[in-house]
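The values are calculated or read from the model by the stated rules, or taken from the named source; none is laboratory data. Just so it is clear, the structure is predicted and the values come from calculations on it, not from any experiment. Here the Cβ is made from the backbone with ideal geometry for all residues, glycine too, and neighbour counts use every protein chain on show.
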Amino acid sequence: MRKFSLTEFAAIAEVVATIGVIVSLVLVSQSMNNNANEVRASQINSIYDHTRQIGLLVAPDPEWVRIVLEGRDDIGRLSDVDRYRYDAYLISMLDL
């Protein structure tokens, strides 16, 4: 078996280091993609939770149910006060 010179060892080490850098970049990229997916799922879950909370607050109150249903059908039938409440409801839903 032949002995390698110092420059040949340096070249081999450089190739191995380059491969290591490439592998680590691929792993970092994959990790960032997984993290982005988890953040996106968390945001969707948060939006669903807030929407559900608003629905649970509105549903048991017959006055709110009437305002929401009339607002969906024809907002012109609502009084100024009810229209304001319906607008507040829509804004809270759209903010999510």
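Annotations for the structure displayed:
- Residue within the stretch 17-34 that is touching a residue at least 40 places away in the same chain (Cβ under 8 Å), out of contact with any strand residue (DSSP E or B) (no Cβ under 9 Å at 6 or more places or on another chain) and either among the aliphatic types (A, V, I, L, M) or surrounded by 10 or more Cβ atoms within 10 Å (Cβ to Cβ) (or both) present: no
- Exactly one residue among S5, S31, S92 is of a type in the set (S, T, Y) and modelled with pLDDT of 90 or more, and that residue is S31.
- Neighbours by Cβ (under 9 Å, 6+ apart or cross-chain): first from the stretch 45-58, within 16 Å of L94 (Cβ to Cβ); second among the acidic types (D, E) and part of a helix (DSSP H, G or I): H50/D95
- All positions within the stretch 70-82 that are closer than 15 Å to V58 by Cα and either out of contact with any helix residue (DSSP H, G or I) (no Cβ under 6 Å at 6 or more places or on another chain) or in contact (Cβ under 8 Å) with a residue 24 or more places away in the chain (or both): R72
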